[in-house]
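A short write-up of the structure that comes next.
The values are calculated or read from the model by the stated rules, or taken from the named source; none is laboratory data. Note that the structure is predicted; figures quoted are calculated from it, not measured. Here the Cβ is made from the backbone with ideal geometry for all residues, glycine too, and neighbour counts use every protein chain on show.
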Amino acid sequence: MGGCFTRLFILMTTDLNALILDTLPLTIAVVDSEGVITHVNETWRKFALENGRPPNSTDIGRNYLEIGLSLQSGADDDAKKLYEGIQDVLSSRIPMFRLEYPCHSPDMERWFSATVTRLHNGSTPAVVVAHADITERKRAELEVRKYKSIVESTDDAVISKSLQGIIES
């Protein structure tokens, strides 16, 4: 009787974990030591479809590292860095890797942050690769940079006011 409850508990926990991962606004893939994608969340699948990729091109069973290698033949330095970061985490040279990169679509500019962390699941090396959309933050940084360059390049006085109308500088 105890074995049935244990199996039921494991099944419920697994379903809950998958449900939690599917609700996150991150695209997540688990990659094994050979580079093969073993798990993805629903956000990962939706992103692929929304960006015109065939449904199975980046899904379970595909080799994430081979996809990265195919990008290395081009001039995509960020793809090379991500590939190397995944390799470094898989081989335990580093515990975590993070990279911010542009990933523009034909109709919009956007940026992402990729985080690669080692998955501690016993003796089999694997990593979790999570991509977060950081477009809003990057746009704000670009705006700040633009206004900073305007202020630094002018010989005129620049006065700033608080929201209450008080001169601050």
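Pick from A79, A114, A130: which is buried (at least 16 other Cβ atoms within 10 Å of the Cβ), under 30 Å from H39 (Cα atoms) and touching a residue at least 40 places away in the same chain (Cβ under 8 Å)?
The conditions single out A130.
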Residue by residue through the range 31-59, note down the ones that are among the hydroxyl-bearing types (S, T, Y) and over 18 Å from V127 (Cα atoms). S57
Which of the residues that make up the range 1-55 are part of a helix (DSSP H, G or I), small (G, A, S), exposed (fewer than 15 other Cβ atoms within 10 Å of the Cβ) and at pLDDT 75 or above? A18
Determine, yes or no, whether T58 is within 25 Å of I20 (Cβ to Cβ) and either at pLDDT 85 or above or part of a strand (DSSP E or B) (or both). no
